Amino acid sequence: MSHFEQLLYATLRIEVSGEDGDVMSMGTGFLLAKPIDSVKGKVYLISNRHVFEYAKALAINLTMSASGVPDHGNVYRMVIDDVSGCVTNHPNPNIDVAALEVTGLIEHAPNNYYMKWFNYGMLSDFSESELSIAENVHFIGYPD
């Protein structure tokens, strides 16, 4: 499986529910693994601040696995209840990024799902140069 194909399984559709339990909106997020030490790490669901802003609960769909490969069309719907107070927003209110730690949920999900995540080292430190003319940009997500 190519690197780009793997990104499809790190990218998740997020369904946001309000106080009444009805789906208010949908957004896109991605899973990010951050090491704590040489053995342990944490997994975060990263999205836009505005996606999480009024959320009472979230639902994400994980692709199930059959013999170690994605079983397309067969999903496990993971509901995350009561996320109020659990989301960490970027400290700059003008930056529309937020994170929700999901380590425990991922550890307790069925072990027959197919999932990937970005490693923390893949994030930009903004020391690279600007994009050049005709450079490819790839977008993976669930735009409305």
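Quick look at the values:
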read-out	value
Gain in span if fully extended, SER25 to VAL97, counting 0.36 nm per residue against the direct Cα distance	24.3 nm
Förster radius 30 Å - calculated FRET efficiency between ASN89 and ILE133, Cβ distance, rounded to 0.05	0.30
For the chain: accessible area per residue (Å², 1.4 Å)	67
FRET efficiency for SER67 and ALA109, using Cβ-Cβ distance with R0 set to 22 Å, rounded to 0.05	0.75
Two-decimal ratio, segment 1-110, of alpha-carbon radius of gyration to 2.2 N^0.38 Å	1.11
Exposure rule at most 15 other beta-carbon atoms within 10 Å, DSSP loop GluC sites (Glu not before Pro): the chain longest free segment	54-127
Potential lengthening between ARG13 and TYR76 on full extension [0.36 nm per residue; Cα-Cα distance subtracted]	21.4 nm
Tail beyond 13 Å, pair distance distribution of segment 16-65 (Cα, percent)	65
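The values are calculated or read from the model by the stated rules, or taken from the named source; none is laboratory data. Source: prediction; values computed, not measured. Note that each Cβ is placed from the backbone with ideal geometry, even for glycine, and that neighbours are counted across all protein chains shown. These area figures cover heavy atoms from the full protein model, side chains too; ligands, DNA and RNA do not enter into them. Shrake-Rupley method; radii C 1.70, N 1.55, O 1.52, S 1.80 Å.
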